[in-house]
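The values are calculated or read from the model by the stated rules, or taken from the named source; none is laboratory data. Fair warning: this is a prediction, and the values are worked out from it, not measured in the lab. For neighbour counting, all protein chains shown are included, and Cβ atoms are generated from backbone atoms with ideal geometry for every residue, glycine included. These accessible areas exclude ligands, DNA and RNA; they are computed on the full protein's heavy atoms, side chains included. Shrake-Rupley method; radii C 1.70, N 1.55, O 1.52, S 1.80 Å.
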Amino acid sequence: MAKKVPQINASSMADISFLLLIFFLVTTSMDVNQGLARRLPAPIPPDQKAEDKDINKRNLLVVKINSANQLMVQGELTDVKKLRERAKEFILNENNADYYPKVFEEDFVLNGKTERIKYTKDHVISVQNDVDTQYQAYLEVQNELVAAYNELREACAKKYYHKSYNELDEEDQKLIQKVYPQKISEAEPKNYGN
Amino acid sequence: MAKIRRNEKREMPALNTSSLPDIIFMLLFFFMSVTSMKEVSYKVQFKNPQATELTKLENKSLVRYIYVGTPTAEFRKQYGAETRIQLNDQFAEVNEIGEYIINERSSMKESDQGLMTVSIKADKDTKMGVIADIKQELRRAYALKISYAATQRTSY
């Protein structure tokens, strides 16, 4: 007769695993780390003076946020919800208006084909905020501007690749980024009208 | 003939709990996979602002955090209710950020140093003056890849 192995008492196993479970519940947090990714400009070397880059007025979209979180686009009081459309209009300049950035026509190789695309090469969106501006208001503006670029890129990807921008591989994304380069400049905060 | 047994004691059969550990382990693994370790204990309290165009921070080992907010209740007596910056486990001044970044960067693998991302976790009511100071300090320390921590906004 085979020797019988005595049964191991596993009743405390549940307690042990409960303990582990509770430990993990306490030490971890549910929130995922996500955020609005941005890139800061490189610092100016100390021996070099800060130069004001001369940008043609038509190529510039000035977005100002004051201390009361009010938004001003090109000198007009605007609502944040309208900023995205405004930025898209500015970046595209479909009607070749002379108060919007200069339109260039260039050949891009997209999806293996050479496409002639009109785009505004030199546009700059300048965001200026007050020292007392609320962070949420600032981030909303940044968010809308990034959203404008994302929507344009998405449309471009749909048009030439028949795919969503996020589904493309990195190289193709870079090609589209060339058509719609993100140009959001941030000035140092100043005190605007208190 | 059927006999009615009155005196016999009825015992509850023992509940088979052998699958309980398995169930608990399943729960444990579920929680382990959906949650992430807390980086530090917060000394400042903050509520993330909301945005829509969010990207996930992929590689945790490349991310360093800067917390900005008002001190939590237990530290309020000592540090006041003004907006403060927290680096790692301590309160810090703006000018300490540069040193912190350089230290953290030198502790990384050389191939990863250029990929370091700084996540700014700031309260949504923070004044931009503080954020701008932090940004300047980060620029000076050549930590140019940043991410403003935010939560997904569902509607306006």
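Among B:E93, B:E137, B:E74, the largest mean-square fluctuation in a Gaussian network model of chain B, built with springs joining Cα atoms closer than 10 Å, belongs to B:E74. Our coupling estimate for segment B:109-115, obtained by passing each phi through the Karplus curve with A = 6.51, B = -1.76, C = 1.60 and θ = phi - 60°, is 5, 4, 6, 8, 4, x, 9 Hz, Gly and Pro reported as x.
Would you work out what percent of the accessible area of segment B:48-149, with all protein chains in place, is carbon or sulfur (probe 1.4 Å)?
Numbers: 2160 of 5030 Å².
Answer for segment B:48-149: carbon and sulfur cover 43 percent of the accessible area.
When a 1.4 Å probe is rolled over the protein heavy atoms, the share of accessible surface on segment A:57-186 that falls to carbon and sulfur comes to 44 percent. For the peptide B:128-140, the mean number of other protein chain Cβ atoms found within 10 angstrom of a residue's Cβ is 5.
Placing unit charges on the Cβ atoms only, positive for Lys and Arg and negative for Asp and Glu, gives segment B:15-156 a dipole magnitude near 320 debye about its Cα centre. Interface area, chains A and B: about 4800 Å² of buried accessible surface, summed, with a 1.4 Å probe and ligands, DNA and RNA left out.
So what is the diffusion coefficient of segment A:57-186 in µm² per second by Stokes-Einstein at 37 °C and 0.692 mPa s, using a Kirkwood Rh over Cα pairs? Numbers along the way, then the final one.
Values: Rh = 15.5 Å.
Value of D from the Cα-based Kirkwood radius: 211 µm²/s.
Contact order, relative form, for segment B:44-152: 39 percent (alpha carbon pairs under 8 Å, 6 or more residues apart, mean separation divided by residue count). Rg then Dmax, both in Å and based on the Cα atoms of the protein assembly as shown: 28.2, 112. Remark: mean inter-chain Cβ contacts per residue of B:15-25 equal 4, using a 10 Å Cβ-Cβ cutoff to other protein chain atoms.
Pairs A:K102/A:K183; B:K43/B:K124; A:K102/A:K158; A:K57/A:K183; B:K60/B:K145; A:K159/A:K183: which exceed 19 Å Cα-Cα? The pairs that break the limit, which is 19 Å between Cα atoms, are A:K102/A:K158; A:K159/A:K183.
Residue by residue, segment A:119-132 carries 3J(HN,Hα) couplings of 8, 9, 6, 9, 5, 9, 9, 9, 9, 10, 10, 8, 4, 8 Hz when phi is fed to the Karplus relation 6.51 cos²θ - 1.76 cosθ + 1.60 (θ = phi - 60°); x denotes Gly or Pro.
Of all beta bridges DSSP finds with both residues in segment A:57-186, what is the antiparallel percent, to the nearest 5?
Values: 13 of 22 bridges.
Of those bridges, close to 60 percent are antiparallel.
Diffusion coefficient (Stokes-Einstein, Kirkwood radius over C-alpha pairs, 25 °C, 0.890 mPa s) for segment B:91-156: 186 µm²/s, rounded to a whole number. May I ask you to work out the translational diffusion coefficient for segment B:20-62 at 25 °C, viscosity 0.890 mPa s, via Stokes-Einstein with Rh from the Kirkwood sum over Cα pairs, reported in whole µm²/s? It comes out at roughly 176 µm²/s.
Averaged over peptide B:117-126, the number of partner chain Cβ atoms lying within 10 Å of each residue's Cβ comes to 4. The heavy atoms of B:M108 present about 30 square angstrom of accessible area, all protein chains included, probe 1.4 Å. Here segment B:44-152 carries DSSP beta bridges of which approximately 40% are antiparallel, counting only pairs with both residues inside. For chain B, modelled as a GNM whose springs connect Cα atoms under 10 angstrom apart, the maximal fluctuation among B:T17, B:T126, B:T55 occurs at B:T17. Computed from Cα atoms, the angle from the helix A:135-161 axis to the main principal axis of chain A rounds to 90 degrees.
The value given for segment B:41-156 is a Kirkwood hydrodynamic radius of 14.9 Å, derived from the mean inverse Cα-Cα separation.
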